[in-house]
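The values are calculated or read from the model by the stated rules, or taken from the named source; none is laboratory data. All values reported here derive from a predicted model rather than from experimental measurement. Methodologically, a virtual Cβ is constructed for each residue, glycine included, from the backbone with ideal geometry; neighbour enumeration extends over all protein chains shown.
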Amino acid sequence: MPTKGKVKGIVSNLVTVSVDGAVSQNEICFIELGSEKLMAEVLKVNGSDVFVQVFESTRGLKIDNEVTFEGHMLEVILGPGLLSKNFDGLQNDLNKLTGIFLKRGERNFPLDEDKKWNFKPIAQVGDEVEAASWLGEVDENHQPHKIMVPFVMEGSYKVKSIAPAGEYTISETIAIITDAHGKDFEINMIQKWPVKKAINVHAEKPRPYKLLETGVRVIDTANPIVEGGTGFIPGAFGTGKTVLQHAISKQAEADIVIMAACGERANEVVELFVEFPELKDPHTGRFLMERTIIVANTSNMPVAAREASVYTAMTIAEYYRAMGLRVLLMADSTSRWAQALREMSNRMEELPGQDAFPMDLSAIIANFYSRSGFVKLKNKQTGSITFIGTVSPAGGNLKEPVTESTKKVARCYFGLEQARADSKRYPAINPIESYSKYIEYPEFDEYISERISPQWISMVNDMRTLLQRGKEVQEQINILGDDGVPVDYHITFWKSELIDFVILQQDAFDDIDAVTPIERQHYMLKLIMDICKSDFNFVNFTDVMDYFKRIINVCKQMNYSEFHSQAFESYHNELQNILAERKIKQ
Amino acid sequence: MTTKAFQKIYTKITKITKATCSLHASGIGNDELALVNGKLAQVVKILGDEVTLQVFEGTEGIPTDAEIVFLGKAPTLKVSDQLAGRFFNAFGDPIDDRPEIEGEEREIGGPSVNPVRRKQPSELIATGIAGIDLNNTLVSGQKIPFFADPDQPYNEVMANVALRAKTDKIILGGMGLTNDDYLYFKNVFNNAGVLDRIVSFVNTTEDPPVERLLIPDMALTAAEYFAVDKNEKVLVLLTDMTLYADALAIVSNRMDQIPSKDSMPGSLYSDLAKIYEKAVQFPAGGSITIIAVTTLSGGDITHAIPDNTGYITEGQLFLRRDSDIGKVIVDPFRSLSRLKQLVIGIKTREDHPQVMNAAVRLYADAANAKTKLENGFDLTDYDERALAFAKDYSDRLLAIDVNIDTTAMLDTAWKLFAKYFSPTEVNIKQEFIDKYWKQKQHE
């Protein structure tokens, strides 16, 4: 008998229910309103009064309406067919919903029940298996989608039978496994998991070290993120968070990309819907949409489901990681999620923390980021979830609770700067304040030496030093005046500008410049750093600017040309001629 | 609004605050409307049999034995083609001395569009103002506010934009408009002979502030009628959203909610998003474009209202008085149209994106030169040229009195580049330099 209750109080989407039986924290319930059923989640229990947050509008809800508790927490349904779907925060397939407007209380099954999948067994009869062991696989959009022992099954089992290769729907039994007491369990391709619990089915979680190529130079070269790494992008509005995030999601070398559009603009999600089915993955040549899942809970969709949307996305990511795949999870924006928590905490009349956010905000964020990572599975395979979240700091002030809490847990910081955005220096990642902790990992050094070059890290460090130095001399020039400093200062400043214009700035809307493979990044960094290490002959500071502007112009034309094409090489020759004019030969 | 026969009348109020009153009642739905001694009110909280009502006009003069009748519905608007050309108050009642309109009664503040049913905006809205068309191109289905100090001519610019844009309907949502501004809009629309394309919902400074909260939903319900039922292109003007947010703060304060930044309610972002996200391009051709006004205090955009707005809207337009030319310009640094990428260089000439960026970059160089000048340093030849360029650029392109088409704007920009700079100084793709630079020099 499920627990029942009746509505006792309503304030916006916080509803008080008096219940007749047991309920658990975070349990899901449905509130009846005419023919509609509104989904809600338990937030607090006080005697027989249960406080629930309703995931939809409570307009018209009345006292004494019936409430039925479901006996489980908010769950997602996992199985083949998740890829290339557009879900809302509660995992409804948006394409299956009817009508132009979202209807209250409309829900659907997220997977395709009739589709037949081409199943190939992996496990054999007699094999010892446990939760997450691979029983077989189906081809889901060219990804080897593993059919696993459901994560909720504890202990070890023996495979009693396994279906032969063939076509099966998700609900057909593909294996029978037996526990120690001889009890049989039929396994099909569907399993469920509560979103707020991490799926921990791996053997170990080593430090990540493999570069995750994004094609964005200021990330790959200057602030690299790794497979299984974490990063965050704080930035005031208009600094290009979303453009940057979309660029990363289009270009990153990942098997699966999950985009959680959390409380942001609907038109930005539409951009994903429109572009991803047409764009090709630069690494495999297949359509991006084939490897992508979009979880969209835009700012005008119910606030309570915003929080759920990031957990839904993370749980799906963990599911694919357990198959030994490389997953990239992007959440835009985690601040909206934090605001949803704040609205609710406020309505529950909890004592507020800083800026009226709930006191445990920091813990919630840390807990969420820690669900990503690089793992070794029990079968020795590896998988990863790389997580990049955006943060929208109120008033562009980075000393606010969401930014500060995130900074404590994320290992890469891609800080977007208003001044850079204002002068159209995109991507507006501040080159001096941003960092990647991974660059200090010896594992990363070892990996990158082999992948690119043993000199890579020292070259990158030299570049960072020069940028820093450039900023310092610029300040001095601003104080002392152009002719109040030695000519050398101008040369240093313009060398840092050269790095800025050619390496850091990148045109996300140019077909060629938008994506720079790591080999090309290596070539250009070496070229630019060689120029920066050279000495030049100048008497007059006014000549320095003109000369370096010419160099910058030619290098930018190189960036706009196909790598090693005729145009590229002829610009390269032009560059050598310009350099020969003033370079001091050693 | 009239009461129906046999409706239950309550006559015992238990609590009265400045904005709300409470009573014991049963069978009441959340968000339902009620009349308290004839004053319109809405259910905002139900706790057991105690119902709290927000009285839009304020509770002045309400006695504890007031007559309360529940209307059994959320706020509604009657929609039909008769809306066109009419003026209404925040409750959707006519204020132009003409009869009530007939039509289908729809609840305001209706559901959101399923994001997968939206179409990507792709139609350019031409305004003739280069500060907008060249640097911050507007697209139908976009939502964008003017960020302006109260002394700037934002209502005039907005009226201009509305009249020049090719739309089927213009819906004005006026919140806390001064009576003078209300008459200004009325006159402008009347003189332009477009009154039959306009629907206005107006709350003036003379009306109670809490009533304003209904204006955006009223305006957008009318907009959805024309955009969805009639497949029309609708432009919604909302002025001033700062006064709307202030009204939200008043209500949340009186409901004893914990304020967050700048005394604004913690739900400000969601409250504003619900309004602005009604901007949409429908696949069947109809669209809703929202141009709003958010007044700033001393240009401070870090205040919670402009800050939250900026995160929701697709850019913002900044007005600023340029003392060098003595005109109001659209500030190229702080203004932004996020959707411009969908049309510039696609619906406009190919060189548009690069010309736009180069001009703004050179304008930034001029700003640096100006700082140098102010600090008493000598200017280089380049600095001098940048400053001269900036003045011309401001006068011929950024000023709000410009009215030319986009191609003419681009040609003007190339002329200015050639007048003050060498090709390597503008940093534009070689193929465009080859095509457009020479052409200009031969003129």
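The set of residues from segment B:354-367 being under 19 Å from A:TYR426 (Cβ atoms) and touching a residue at least 12 places away in the same chain (Cβ under 8 Å) comprises B:GLN354, B:VAL355, B:MET356, B:ALA358, B:ALA359, B:VAL360, B:ARG361, B:LEU362, B:TYR363, B:ALA364, B:ASP365, B:ALA367.
Check segment A:365-379 and report whether any residue there is within 14 Å of chain B (Cβ to nearest Cβ), over 17 Å from the mean Cα position of the chain (by Cα) and farther than 21 Å from A:LEU212 by Cβ. No, segment A:365-379 contains no residue that is within 14 Å of chain B (Cβ to nearest Cβ), over 17 Å from the mean Cα position of the chain (by Cα) and farther than 21 Å from A:LEU212 by Cβ.
Among the residues of segment B:106-152, those that are farther than 17 Å from B:ILE275 by Cβ, in contact (Cβ under 8 Å) with a residue 24 or more places away in the chain and β-branched (Val, Ile, Thr) comprise B:ILE125, B:THR127, B:ILE129, B:ILE132, B:THR137, B:VAL139. The condition of being surrounded by fewer than 22 Cβ atoms within 10 Å (Cβ to Cβ) and either more than 14 Å from chain B (Cβ to nearest Cβ) or modelled with pLDDT of 90 or more (or both) holds for A:GLU290. Just one of the numbered conditions (1) within 18 Å of B:VAL280 (Cβ to Cβ); (2) crowded, with 24+ Cβ neighbours inside 10 Å; (3) within 14 Å of chain A (Cβ to nearest Cβ) is not true of B:ILE171: (3).
Mind checking which strands (runs of 3 or more DSSP E) fall wholly inside segment A:1-115 and carry at least 1 residues that are within 14 Å of chain B (Cβ to nearest Cβ)? Fully inside segment A:1-115 and qualifying: A:4-11, A:14-19, A:27-33, A:36-46, A:49-54.
It is to be established whether one or more residues within segment A:493-506 are acidic (Asp, Glu) and assigned by TED's automatic domain parsing to the domain that holds A:PRO282. Checked segment A:493-506: no residue is acidic (Asp, Glu) and assigned by TED's automatic domain parsing to the domain that holds A:PRO282. The conditions of being without any contact (Cβ under 8 Å) to a residue 60 or more places away in the chain and in a helix (DSSP H, G or I) are met by B:TYR184.
Check whether at least one residue in segment B:255-269 is at pLDDT below 90 and of a type in the set (A, V, I, L, M), and report yes or no. Yes, because at least one residue in segment B:255-269 is at pLDDT below 90 and of a type in the set (A, V, I, L, M).
Of the residues screened, B:ILE428 is one that is farther than 25 Å from B:ILE325 by Cα and buried (at least 20 other Cβ atoms within 10 Å of the Cβ). Looking at segment B:119-134 only, could you name the residues that are more than 30 Å from B:ARG321 (Cβ to Cβ) and either crowded, with 24+ Cβ neighbours inside 10 Å or not assigned by TED's automatic domain parsing to the domain that holds B:SER337 (or both)? Listed by number, the list holds a single entry, B:PRO121. With respect to the conditions (1) more than 12 Å from chain A (Cβ to nearest Cβ); (2) out of contact with any Pro (no Cβ under 6 Å at 6 or more places or on another chain); (3) under 25 Å from B:LEU134 (Cβ atoms), B:GLY285 lacks only one, and its number is (3). Taking the residues in segment A:223-280 that are acidic (Asp, Glu) and touching a residue at least 40 places away in the same chain (Cβ under 8 Å) as candidates, determine which candidate is farthest from A:CYS412 (Cα to Cα). Restricting to residues being acidic (Asp, Glu) and touching a residue at least 40 places away in the same chain (Cβ under 8 Å), the top hit is A:GLU268.
Which residues, counting only those in segment B:242-258, are of a type outside the set (A, V, I, L, M, F, W, C) and farther than 18 Å from A:VAL303 by Cα? Hits for segment B:242-258 are B:THR242, B:TYR244, B:ASP246, B:ASN253, B:ARG254, B:ASP256. For segment B:322-334, the criterion of being assigned to a helix (DSSP H, G or I) and closer than 23 Å to B:ASP149 by Cβ is met by no residue. Residue count for segment B:304-347 satisfying the condition of being more than 14 Å from chain A (Cβ to nearest Cβ), touching a residue at least 40 places away in the same chain (Cβ under 8 Å) and not basic (Lys, Arg): 7. Going by the structure shown, is B:PHE201 in a strand (DSSP E or B), in contact with a Pro (Cβ under 6 Å, 6 or more places away or on another chain) and buried (at least 24 other Cβ atoms within 10 Å of the Cβ)? No, not satisfied. Criterion applied to A:LEU498, A:LEU525 was being farther than 30 Å from A:GLY285 by Cα and either assigned to a loop (DSSP other than H, G, I, E, B) or of a type outside the set (D, E, K, R) (or both), and the one residue passing it is A:LEU498.
If you check A:PHE87, A:PHE109 for being closer than 30 Å to A:LEU61 by Cβ, in contact (Cβ under 8 Å) with a residue 24 or more places away in the chain, of a type in the set (Phe, Trp, Tyr) and surrounded by fewer than 18 Cβ atoms within 10 Å (Cβ to Cβ), only one passes: A:PHE109. Looking only at residues in segment A:226-256 that are farther than 22 Å from A:ILE365 by Cβ and among the hydrophobic types (A, V, I, L, M, F, W, C), the one that is farthest from the chain's Cα centre (by Cα) is A:VAL243.
Among the residues of segment B:11-48, those that are within 13 Å of chain A (Cβ to nearest Cβ) and of a type in the set (A, V, I, L, M) comprise B:ALA25, B:ILE28, B:LEU33, B:VAL43, B:VAL44, B:ILE46, B:LEU47.
Residues considered: B:LEU387, B:LEU397. Of these, the only one that is outside any loop (DSSP other than H, G, I, E, B) and touching a residue at least 60 places away in the same chain (Cβ under 8 Å) is B:LEU397.
Considering only segment B:117-168, state which residues are among the small types (Gly, Ala, Ser) and more than 25 Å from B:ASP181 (Cα to Cα). Correct list: B:SER122, B:ALA130, B:SER140, B:GLY141. In this structure, is B:ALA364 over 21 Å from B:PHE146 (Cα atoms), in contact with a helix residue (DSSP H, G or I) (Cβ under 8 Å, 6 or more places away or on another chain) and not aromatic (Phe, Trp, Tyr)? For B:ALA364, the condition - over 21 Å from B:PHE146 (Cα atoms), in contact with a helix residue (DSSP H, G or I) (Cβ under 8 Å, 6 or more places away or on another chain) and not aromatic (Phe, Trp, Tyr) - is met. Among the residues of segment B:432-443, the ones that are of a type outside the set (Lys, Arg) and modelled with pLDDT of 90 or more come to 4 in all.
Of the residues screened, B:ALA223 is not one that is within 15 Å of B:ALA304 (Cβ to Cβ), in the same structural domain as B:ALA159 (by TED's automatic domain parsing) and in a helix (DSSP H, G or I).
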